[in-house]
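The values are calculated or read from the model by the stated rules, or taken from the named source; none is laboratory data. Fair warning: this is a prediction, and the values are worked out from it, not measured in the lab. Cβ: placed from backbone, ideal geometry, glycine included. Neighbour counts: every protein chain shown.
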Amino acid sequence: MADNITVPIRMLVFSSPDCYACPEVERIVHKLVGSSMADICHVSTIDVVREPKTAERYNVRMLPTIMIDDEIVLQGLVGESDIRDVLWERVISSIIKREKTFDVRKESLLYISKNSFDSIMNEEFIRPYIGDYIHVGVMQQMIVSLVALDKLVPNLLYQSGREVGLYGVGTYLMITLNPNIGTEFRAKERFEEVLDGLVKYFSDNESINIPMKLAESAEVVNIDSDSATMRIMGLASASGSPFVGEPLCHFSAGEIAGLTEVLTGRNCVVHEVKCVGTGHEYCEFEITVSDEPISRNLSDNQEEEYIVEDRSQHFQGILHDISTRLHESFISPKDVFNRGNIGNEVHFTKLQQAIVTLKLTDPYCGALLYAAGRELGIFGPGRDILQRYLEDENYTWPLNLQQALYILNKFFHFGMIQAAKERADVKIIEDGDQLKIRIDECAISSGATDSGVSFCDFMAGYIAGRITIITNRDCVVTETHCHGLGDKYCEFGISFVD
Ligand SMILES: [Zn+2]
Ligand SMILES: [Zn+2]
């Protein structure tokens, strides 16, 4: 299988417990995928009774509905041969489409990398108003939400990180950090120099003017001719996270693999064997290189899986914890994320690299991020402050949309949504009888190039959640403009569902 299809194509099957045609269609789909497409296809079943928001977002009005790459391919009761024909045709065209978006991904990654490079090397802000760093809590909210919602995500994040390592400017940074990498040609010694470069890459590089703020420090704790263990303290994706029961730093693991592959010229796989998310004080990665192809098994080297009774409730609690910490660290800046001197921020390009590869590889990640943002908007912290404010200002609850947007705008600087140190400029725009939100220099996406995808699903979901609790009406927020789509600002349209 080509490099760029190592992540399976996602098939969404919408069904419900009382749908009479669903069990038969599901049975056929699982039979077909299981027998001939198991490596290239992954089936995610969505129960529309339990997840009405996802069905709404995809405008699913008939059951069962099968979607591939965000497009409906089959609806209703269909026979086995029809299902087989359509699935094969769609899966193949989806593979071809991926070959094409692969180039877009590479270009976007390069652009984002170049941005980080300019910003870091020239010490010039790409984002003059809000600055080039985002809060690590925002990154963790997104990673934990994705990991919580979907089984494919760890693998997706690893592949994303690997592509960033292979095609980003990280290799150049590494050679700048350790020039010996470029001059050492003996395999074992070269691997050692690469490890030395990785240690510098993941350390506080303030002294040499490369403040990615990716992690506080790193060290190699064990080394062999073709394997090594690297320990990273204060890694942005996990540092200060509550106990999750699963490792969180798949993206970094992938990036280490990609960088090592390019710089050693050998195959490489990386496993995260310890993580703050699994209750350790640091994250630890096992790096293996080989001249032969090596495959990476996610279940290898992993600690025993942590089993919880109610997974979604467990993750809701974690997300709430992270959001509360983020909130606290915003209201009165303090080090709740345990990153010592480097503080609570990470360069914005790290999050953008992950989002662009995730969304271009698997569009469903957009829906996952939206769902997670919405949950946070409805149940997340800051709600009581909002309520107190409404009482103090004598608003009669529930509010109309105009009032809701005014209030939300006033509260945009409250952490969760703001992400950056400085407040982005938010305007409420009247377009006919529609109200829209326009954000200049949105923290999630500004500084990105036209990648053909919007970046701010999490933010859209969050806004939807907050509007829902203030107006007491269910709504859908759609991002119509975004830096990721080549626009100069992000714009969100709001529509009520009732
Ligand atoms: Zn970790
Ligand atoms: Zn955007």
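The residue that is farthest from ligand 1 (Cβ to nearest atom), among those in the range 430-442 that are surrounded by 12 or more Cβ atoms within 10 Å (Cβ to Cβ) and part of a strand (DSSP E or B), is Leu435.
Scanning the range 363-388 for residues that are over 15 Å from Val153 (Cα atoms) and aliphatic (A, V, I, L, M) turns up Leu376, Ile378, Ile385, Leu386.
Do we find a residue being closer than 20 Å to Arg127 by Cα, modelled with pLDDT of 85 or more and in the same structural domain as Ala372 (by TED's automatic domain parsing) anywhere in the range 460-479? There is no residue in the range 460-479 that is closer than 20 Å to Arg127 by Cα, modelled with pLDDT of 85 or more and in the same structural domain as Ala372 (by TED's automatic domain parsing). Confirm whether Gly170 is on the phi < 0 side of the Ramachandran plot, surrounded by 18 or more Cβ atoms within 10 Å (Cβ to Cβ), at pLDDT 85 or above and of a type in the set (Gly, Ala, Ser). Against the criterion (on the phi < 0 side of the Ramachandran plot, surrounded by 18 or more Cβ atoms within 10 Å (Cβ to Cβ), at pLDDT 85 or above and of a type in the set (Gly, Ala, Ser)), Gly170 does not qualify. Go through the range 274-301 residue by residue and tally those that are more than 15 Å from ligand 1 (Cβ to nearest atom) and out of contact with any helix residue (DSSP H, G or I) (no Cβ under 7 Å at 6 or more places or on another chain). Summing the residues that are more than 15 Å from ligand 1 (Cβ to nearest atom) and out of contact with any helix residue (DSSP H, G or I) (no Cβ under 7 Å at 6 or more places or on another chain) in the range 274-301 gives 11. Of the residues making up the range 263-297, those that are surrounded by fewer than 18 Cβ atoms within 10 Å (Cβ to Cβ) and either in contact with an Asp or Glu (Cβ under 6 Å, 6 or more places away or on another chain) or more than 30 Å from Asn338 (Cα to Cα) (or both) are Gly265, Asn267, Ser290, Asp291, Glu292, Pro293, Ile294, Ser295, Asn297. Scanning the range 208-241 for residues that are within 11 Å of ligand 1 (Cβ to nearest atom) and of a type in the set (D, E, K, R) yields a single hit, Arg231.
Of the numbered criteria (1) part of a helix (DSSP H, G or I); (2) at pLDDT 85 or above, the one Phe285 fails is (1).
If you go through the range 477-498 and keep only what is among the hydrophobic types (A, V, I, L, M, F, W, C) and either surrounded by fewer than 20 Cβ atoms within 10 Å (Cβ to Cβ) or within 8 Å of ligand 2 (Cβ to nearest atom) (or both), you end up with Cys482, Leu485, Cys490, Phe496, Val497. Take the conditions (1) touching a strand residue (DSSP E or B) at 6+ places or on another chain (Cβ under 6 Å); (2) more than 10 Å from ligand 1 (Cβ to nearest atom); (3) outside any strand (DSSP E or B); (4) touching a residue at least 24 places away in the same chain (Cβ under 8 Å); His271 misses just one of them, which is (3). All of (1) within 30 Å of Ala215 (Cβ to Cβ); (2) touching a residue at least 60 places away in the same chain (Cβ under 8 Å) hold for Tyr58 with one exception: (1). Note on the range 429-454: among residues that are of a type in the set (S, T, N, Q) and within 13 Å of ligand 2 (Cβ to nearest atom), the one that is modelled with the highest pLDDT is Ser454.
Note on the range 378-394: residues that are surrounded by 15 or more Cβ atoms within 10 Å (Cβ to Cβ) and part of a loop (DSSP other than H, G, I, E, B) total 3. For the range 71-91, check the following and say yes or no: at least one residue is assigned to a strand (DSSP E or B), within 26 Å of the chain's Cα centre (by Cα) and in the same structural domain as Ala21 (by TED's automatic domain parsing). The answer is yes, given that some residue of the range 71-91 is assigned to a strand (DSSP E or B), within 26 Å of the chain's Cα centre (by Cα) and in the same structural domain as Ala21 (by TED's automatic domain parsing). If the condition is being part of a strand (DSSP E or B), more than 29 Å from the chain's Cα centre (by Cα) and in contact (Cβ under 8 Å) with a residue 24 or more places away in the chain, then the range 222-236 contributes only Ile223.
When the residues of the range 176-190 are filtered to those that are without any contact (Cβ under 8 Å) to a residue 24 or more places away in the chain and part of a helix (DSSP H, G or I), which remaining residue is nearest to Ser227 (Cα to Cα)?
Filtering first and then ranking leaves Glu189.
Check the range 93-100 and report whether any residue there is in a helix (DSSP H, G or I), surrounded by fewer than 17 Cβ atoms within 10 Å (Cβ to Cβ) and among the hydrophobic types (A, V, I, L, M, F, W, C). Yes - at least one qualifying residue is present in the range 93-100. In the set Ser295, Ser239, Ser329, only one residue is of a type in the set (S, T, N, Q) and at pLDDT 85 or above; that residue is Ser239.
Here Thr229, Thr260, Thr183 are screened, and the one residue that is under 22 Å from Glu292 (Cα atoms), among the β-branched types (Val, Ile, Thr) and surrounded by fewer than 24 Cβ atoms within 10 Å (Cβ to Cβ) is Thr229.
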